[in-house]
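Trainee: Mind looking over this structure? Questions follow.
The values are calculated or read from the model by the stated rules, or taken from the named source; none is laboratory data. Here the structure is a predicted model, which is why all the values come from computation and not from measurement. All Cβ positions, even for glycine, are placed from backbone atoms using ideal geometry, and neighbour counts span all protein chains on display.
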Amino acid sequence: MSECVFCKIVEGSLPAEKVYEDGDVLAFRDLHAQAPIHLLVIPKKHISSVREIGEEEGPLLGRIFSVVNQLADELGLADKGFRIVNNCGEDGGQTVYHIHFHLLGGRALGWPPG
Ligand code: AMP
Ligand code: ZN
């Protein structure tokens, strides 16, 4: 069994509040929501971070962002806006090394991040 917490969610051995799933992409609610809507959108395939992304992952990233847009529509975020965040590496604040895109919305979000 995988040691990766998000792979465990993909495999179903760790529970999560899933909001979208297809063959390649999974979206679920963040355990520690930082906004009224805070989802994590991930590829099912284990990719540690953005550092492993090259041109060959273009179609997968396209799938992920089309899921983001579908969820933004379904959750009523599209009109007022939302934020996509990817943290990469230690200084980037990455804590789970299975690439994920935070989808945050439902309130006005501050900038810059801390
Ligand atoms: P990051 O700091 O960008 O690596 O983000 C990791 C995110 O995963 C954090 O926002 C955590 O709250 C979230 N997280 C960690 N474990 C789980 C889990 N089992 N289910 C849902 N979200 C989680
Ligand atoms: Zn993983």
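Trainee: Is there a residue in the stretch 45-59 that is out of contact with any Leu (no Cβ under 7 Å at 6 or more places or on another chain) and at positive phi?
Mentor: No - not one qualifying residue is present in the stretch 45-59.
Residues checked against (1) within 16 Å of ligand 1 (Cβ to nearest atom); (2) touching a strand residue (DSSP E or B) at 6+ places or on another chain (Cβ under 9 Å):
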residue: Arg51; (1), (2): yes, no
residue: Pro59; (1), (2): no, no
residue: Ile64; (1), (2): yes, yes
residue: Ala72; (1), (2): no, yes
residue: Asp79; (1), (2): no, no
residue: Gly105; (1), (2): yes, yes
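Trainee: So if I check each of His46, His38, His32, which one is under 15 Å from the mean Cα position of the chain (by Cα) and within 16 Å of ligand 2 (Cβ to nearest atom)?
Mentor: Criteria check complete, one pass: His46.
Trainee: Against the condition over 15 Å from the mean Cα position of the chain (by Cα), at pLDDT 95 or above and surrounded by 17 or more Cβ atoms within 10 Å (Cβ to Cβ), how does Leu77 come out, does it pass?
Mentor: Against the criterion (over 15 Å from the mean Cα position of the chain (by Cα), at pLDDT 95 or above and surrounded by 17 or more Cβ atoms within 10 Å (Cβ to Cβ)), Leu77 qualifies.
Trainee: Same structure, new question: Which fully enclosed helices (runs of 4 or more DSSP H) of the stretch 2-96 have 2 or more residues being closer than 19 Å to Arg107 by Cβ?
Mentor: Numbers: elements: 5-11, 58-74, 89-92.
Result: 58-74.
Trainee: So, in the stretch 1-20, exactly how many residues are under 12 Å from the mean Cα position of the chain (by Cα) and not aromatic (Phe, Trp, Tyr)?
Mentor: Adding up the residues that qualify gives 2.
Okay, residues lined up against (1) out of contact with any Ser or Thr (no Cβ under 7 Å at 6 or more places or on another chain); (2) of a type outside the set (Ser, Thr, Tyr); (3) at pLDDT 95 or above; (4) exposed (fewer than 14 other Cβ atoms within 10 Å of the Cβ):
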residue: Cys4; (1), (2), (3), (4): yes, yes, yes, no
residue: Lys8; (1), (2), (3), (4): no, yes, yes, no
residue: Pro15; (1), (2), (3), (4): yes, yes, yes, yes
residue: Asp22; (1), (2), (3), (4): yes, yes, yes, yes
residue: Phe28; (1), (2), (3), (4): yes, yes, yes, no
residue: Gln34; (1), (2), (3), (4): yes, yes, yes, yes
residue: Gly54; (1), (2), (3), (4): yes, yes, yes, yes
residue: Gly58; (1), (2), (3), (4): yes, yes, yes, yes
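Trainee: Continuing with the same structure: May I ask you to list the residues in the stretch 92-114 that are under 23 Å from Ser49 (Cβ atoms), surrounded by 11 or more Cβ atoms within 10 Å (Cβ to Cβ) and out of contact with any Lys or Arg (no Cβ under 8 Å at 6 or more places or on another chain)?
Mentor: Gly92, Gly93, Gln94, Val96, Tyr97, His98, Ile99, His100, Phe101
Trainee: Based on what the data block shows, is Asp24 of a type in the set (Asp, Glu) and in contact (Cβ under 8 Å) with a residue 12 or more places away in the chain?
Mentor: Criteria met by Asp24.
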